[in-house]
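Following: one structure in structure tokens, then a few remarks.
The values are calculated or read from the model by the stated rules, or taken from the named source; none is laboratory data. This is a predicted model, so every value here is computed, not measured. Counting neighbours? That spans all protein chains shown, and the Cβs are built from the backbone with ideal geometry, glycine included.
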Amino acid sequence: MNDSDEEWDEGTPERLYVITGGRVDSSDRAGLDLVTLIVARQDPQVGMQPELASILRVCRSPLSVAEISAYLVLPPSLISVLLTDLLADGRVEARTPDPSLPDIALIEAVIHGLQKL
Amino acid sequence: MDCKSSETVVGPRSEDRLPASAAAAVKIVIVGGFGVGKTTLVRSVSEIRPLTTEETMTQASAGVDDTAGVERKTATTVAMDFGRISLSDELVLYLFGTPGQQRFWFLWNGLFDGALGAVVLVDTRRLEVSFDVIGRLEEAGVPFVVAVNTFPDATSYPTEELRAALDLPEKVPIVECDARLRESSRDVLISLMRYLRSHALAPEPM
């Protein structure tokens, strides 16, 4: 994984616990998927928790939960917890995939897009 | 005025940013045994350099290394490589694949939820590694196609022989590809989408 910092490894449960204040993944409640697109509605504020500020910064243009996870080097489950807070405060907007099963229009749109590659 | 530590986070390069009009994203999961070329396929069609996300999973460990009979929890980190294709100004496709340990994918909460479908990438020299993943997809009700990654030194088999060896129903498409090539990888994705379209037009259990 990360060989940069033995003392405070990015992935240690202790660090993740501190970042979320001990809360567990609430992505189900917030309806967040790995490919939910997140867009910041405001700039980071002074004194904001660093991870929240980072999310607002990288989401100036739409970015999926998976990409946020990759850029912040934090698990998607943890990013989802942080996003739940930001969503509740209206600081980010979530663009969720249509929850219904893929309909024919969506399938056609994907085929059309792939054919243009 | 920003926090110092948050400044160190490097976001997407300007050329990797999605347009503000991006309104919805869908995903396809690329599955298959170790070393079969999943990440290669993702890389060859992705518009961004593939990124990696890691999830830590805990599960109760089996009794094997557990002499006292006390249930212990083991944590496993599973890495997932993914790429992205902008299909239009509004619609984005993400492709997820992982370098190995496929038995853990099904523990990854939400990986398959809402996925359009899956591509099972197989290497004919090691067909047996695909059995488990195909069985799990069938159990989970995830529609999939099988793509045979044509390695130069691998023997080519007739499709029907592969179908029999993998115990695949007639309706599941089997296609050949070269995961290193963009067009070939793209065609695999189109095969999956056409399969989904035929199913959407004439619904029956997949």
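Observations
- Any hit, segment A:64-75, residues being among the aliphatic types (A, V, I, L, M) and at positive phi: yes
- Residue satisfying all of: in segment A:48-98; of a type in the set (S, T, N, Q) and either over 18 Å from B:Thr56 (Cα atoms) or free of Cβ contacts under 8 Å to residues at least 40 places away in the same chain (or both); farthest from the other protein chains (Cβ to nearest Cβ) among these: A:Thr84
- The combined condition, being surrounded by 14 or more Cβ atoms within 10 Å (Cβ to Cβ), more than 28 Å from A:Pro75 (Cβ to Cβ) and small (Gly, Ala, Ser), is not fulfilled by B:Ala202.
- The set of residues from segment B:121-146 being surrounded by 15 or more Cβ atoms within 10 Å (Cβ to Cβ), under 16 Å from B:Ile28 (Cβ atoms) and in contact (Cβ under 8 Å) with a residue 60 or more places away in the chain comprises B:Leu121, B:Val133, B:Leu137, B:Val142, B:Pro143, B:Phe144.
- Restricting segment B:79-101 to residues that are in a loop (DSSP other than H, G, I, E, B) and modelled with pLDDT of 85 or more, the residue that is farthest from the other protein chains (Cβ to nearest Cβ) is B:Asp89.
- Residue in segment B:60-78 that is modelled with pLDDT under 90, under 25 Å from A:Gly31 (Cβ atoms) and within 9 Å of chain A (Cβ to nearest Cβ) present: no
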